[in-house]
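Read through the structure below, which is laid out as structure tokens, and then see the notes.
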């Protein structure tokens, strides 16, 4: 990728747990985790993008979105360079039943078939991207 991508991601919290999708880099042979979301489209705000992405990926609406911060992510994925500016939001799922599901179905093929909850008090061995996300979430933990 030879351009900077603007991305909006959304964190949903359930106690010390957050909802993430997983992906796999076949060049690095690395599975990794990332909150749900995607690219901000031209003419769209990051907030509008995160609402749209949650409707696309989860078929769910969100409430009370708050922007936690912005991270810059420079990385290598599948052998190529990547550069993202990532707006990170915290929000609530309107459909409260999704919090009771251990695995939440995804409706976009890019990320696999389901998201799942991970416990940040006992982080998984897989990397959580983008870099700096865990520190941001700890700094902006709910009171």
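Counting beta carbons within 10 Å around each of 125, 56, 64 and listing the fewest first gives the order 125, 64, 56.
Antiparallel as a % of all DSSP beta bridges within the chain, to the nearest 5? Write down the numbers at each step before the final one.
Numbers: 31 of 40 bridges.
Antiparallel bridges make up about 80 percent of those DSSP assigns within the chain.
How would segment 1-91 be classified by its alpha-carbon gyration tensor: rounded, prolate or oblate, with rounded meaning a/c under 1.5 and the a/b versus b/c comparison settling the rest? Oblate, since a/c reaches 1.5 and b/c is not below a/b. Applying 1/(1 + (r/R0)^6) with r as the Cβ-Cβ distance of residue 126 and residue 55 and R0 = 35 angstrom yields a FRET efficiency of 0.85. Once the chain from residue 48 to residue 4 is taken as fully extended at 0.36 nm per residue, the excess over their C-alpha distance is 13.9 nm. Placing a label point 7 Å from the Cα of residue 116 along the Cα-to-Cβ line, the residues of segment 1-32 whose backbone N sits under 14 Å from it are 18-24, 31-32.
Can you tell me which of 38, 21, 82 moves the most in a GNM of the chain? Springs connect C-alpha atoms under 10 Å apart. Looking only at 38, 21, 82, the biggest GNM fluctuation is shown by 82.
When the chain is treated as a Gaussian network with alpha carbon springs shorter than 10 Å, the biggest mean-square fluctuation among 105, 81, 127 belongs to 81.
For every helix of n ≥ 4 consecutive DSSP H residues, a contribution of -39,500 (n - 2.57) applies; sum these over the chain, divide by its total residues, and give [θ] at 222 nm rounded to the nearest 500 deg cm²/dmol. Before the final figure, lay out the partial values.
Details: 2 runs with 20 residues, N = 143.
Helix-only estimate at 222 nm: -4000 deg cm²/dmol.
No lab work stands behind these numbers, since they all come straight from the coordinates. What you are looking at is a predicted structure, and each value in this text was computed from that prediction instead of being measured. A quick note on method: Cβ atoms are made from the backbone with ideal geometry, for glycine too, and the neighbour counts reach across all protein chains shown.
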